[in-house]
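So the structure is just underneath, and the comments pick up after that.
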């Protein structure tokens, strides 16, 4: 869908990107992993616009998943892991929503979800895996048969069969490909021609973007095309896969963005405290999501000193000595 | 079964001029696990105590071991302790930075002896793990994080170590949900399910170290920590476990504790 040349038609604000590309009921893939490089500015905008009935697909998403679920935007989740490292071994609003039956969950594993994105990227209908044989991950279906339309939800969770090339007793699990409507990711740099550079781990962001129908990238900065062409080995996605580019400094806050900033322990601890209680959670949403008029206002609320504390060391890529308790 | 009132031998009077260093159960767990690692192993590190133990193994017991993370961080220096497998600290000064698909190509790689470090909410006698739900899967009483990469590591790695707090609600007769394959139903069942290698090697709890019988694949107590009785282990285990083969574990020495406290987790982020 993306155009081969020029960034002008793709450059937009967070509001414009969500307005144009994210709709009720879509299947969306959210990039990053637990406390790193979650596309939070987009997530807050989706929550603010009160988009509903999203079908979230992710491997180990943390903060983005929890805010989207907690804000009531999500009705179905295919996921491997809903946790936030030491800050929340199980994502708090995710846990409450599942225990209250407010969302449907289909569990896979990290390897399985990455392979499913890879299958979508390669336009193959399924992909084999040796993970989970003999476990409930393969035996138990979380989604009821009535939503298994064979379009956005596979007709079955997994198909176990004998390896057609191996011993007849040697089972293999076939996993359905994923082709999300929209992939949302946050990157460090996008060039003036729309090439994307991710520093540090790419997680499964590249596979999920290649599998999706629309790709929205928020980034820390726009850099000259000539700069990303000097060392193209470091680039992650070509311009022709990218539909929207949104420059948002600190756009992954409170999750980390290597070489730019660390995760924000102060905010994640505040989040943890407020997410535990329904009333406090409503206050959190009012204060940090619904009541925030602009990204500048969000950053002002985080505070200049805190942003300085989490600023990444140029060499290490994180904030050495940051108080992470 | 051993006499449940069995206690570790008391120190002989007047034998120790300097008292052994005091340490916490968490510190003992990290060090006990580190000692199980062979130099040159390739370590797949999880979160929490599992992360601590992999770091301890590399710093103390197996300096030529390689640590990597399912997120794609391969061979980082870990100058600071990561708080999640996606922490930017797993990307700093690494051999290389990749993604999940590539990371699992190391987990599953037939040339590598890959040992994974995992935690869970429940474990059964065959070392199968639950990190998904308590109660019915579709209507759970308690929801946990889910597999993440644990099921993959349990399926594909050469072996895995499990970190658990000992208790009857954790060491259970039957899992509420089987997330990560251990020895499945024991004996040859893991191989029959289609796995070519792997399985749980040991369980490190706050009371001791459990291993698995070579033939039956049932868990037995291999070591209890100083000050712990085999009776305590039995009381805190929800299934029958052989404790007759158990010996007392060697306590952490001063150097192990110094490295753990001063170098690995000086902020006590995981040690608490």
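Go over the candidates A:182, A:160 one by one and state the one that is within 14 Å of the chain's Cα centre (by Cα) and either more than 29 Å from residue A:66 (Cβ to Cβ) or more than 10 Å from chain B (Cβ to nearest Cβ) (or both). Being within 14 Å of the chain's Cα centre (by Cα) and either more than 29 Å from residue A:66 (Cβ to Cβ) or more than 10 Å from chain B (Cβ to nearest Cβ) (or both) holds for just one of A:182, A:160, which is A:182.
Kindly indicate the residue of the range B:190-239 that is free of Cβ contacts under 8 Å to residues at least 12 places away in the same chain and in contact with a strand residue (DSSP E or B) (Cβ under 7 Å, 6 or more places away or on another chain) and also surrounded by the fewest Cβ atoms within 10 Å (Cβ to Cβ) among those meeting that condition. Only one residue tops the list, namely B:211. Looking across the range A:120-142, the residues that are in a helix (DSSP H, G or I), closer than 25 Å to residue A:201 by Cβ and within 11 Å of chain B (Cβ to nearest Cβ) come down to A:121, A:137. Scanning the range A:97-122 for residues that are under 13 Å from residue A:75 (Cα atoms) and touching a strand residue (DSSP E or B) at 6+ places or on another chain (Cβ under 7 Å) turns up A:98, A:103, A:104, A:105, A:106.
Residues considered: A:103, A:98, A:79, A:74. Of these, the only one that is within 11 Å of another protein chain (Cβ to nearest Cβ), free of Cβ contacts under 8 Å to residues at least 60 places away in the same chain and within 16 Å of the chain's Cα centre (by Cα) is A:79. Out of the residues in the range A:34-53 that are over 18 Å from residue A:272 (Cβ atoms) and out of contact with any helix residue (DSSP H, G or I) (no Cβ under 7 Å at 6 or more places or on another chain), state the one that is surrounded by the fewest Cβ atoms within 10 Å (Cβ to Cβ). The residue in question is A:50.
Which members of the range A:279-300 meet the condition of being assigned to a loop (DSSP other than H, G, I, E, B) and touching a residue at least 24 places away in the same chain (Cβ under 8 Å)?
Of the residues in the range A:279-300, the ones assigned to a loop (DSSP other than H, G, I, E, B) are A:291-294.
The one that is assigned to a loop (DSSP other than H, G, I, E, B) and touching a residue at least 24 places away in the same chain (Cβ under 8 Å): A:292.
Residues of the range A:143-195 that are in a loop (DSSP other than H, G, I, E, B), in contact with a helix residue (DSSP H, G or I) (Cβ under 6 Å, 6 or more places away or on another chain) and under 17 Å from residue A:215 (Cα atoms): A:178, A:179, A:192, A:193, A:194, A:195. Residues in the range A:5-63 that are under 20 Å from residue A:104 (Cβ atoms) and part of a strand (DSSP E or B): A:27, A:28, A:29, A:30, A:54, A:55, A:56, A:57.
Screening the range A:91-119 for residues that are part of a loop (DSSP other than H, G, I, E, B) and out of contact with any helix residue (DSSP H, G or I) (no Cβ under 9 Å at 6 or more places or on another chain) and picking the one that is nearest to residue A:176 (Cα to Cα) gives A:101.
When each of B:45, B:57, B:53 is tested for being under 18 Å from residue A:36 (Cβ atoms) and either within 12 Å of chain A (Cβ to nearest Cβ) or modelled with pLDDT of 85 or more (or both), the lone residue that passes is B:45. As a summary of the residue check, residue B:259 satisfies the conditions (1) within 30 Å of residue B:87 (Cα to Cα); (2) more than 14 Å from chain A (Cβ to nearest Cβ); (3) surrounded by 21 or more Cβ atoms within 10 Å (Cβ to Cβ) except for the one numbered (3). Mind checking whether some residue in the range A:240-251 is closer than 22 Å to residue A:91 by Cβ and in a loop (DSSP other than H, G, I, E, B)? Yes, that holds for at least one residue.
The values are calculated or read from the model by the stated rules, or taken from the named source; none is laboratory data. Quick caveat: nothing in here was measured; it's all calculated off a predicted structure. When we count neighbours, we look across all protein chains shown, and the Cβ atoms used for this are built from the backbone with ideal geometry, even at glycine.
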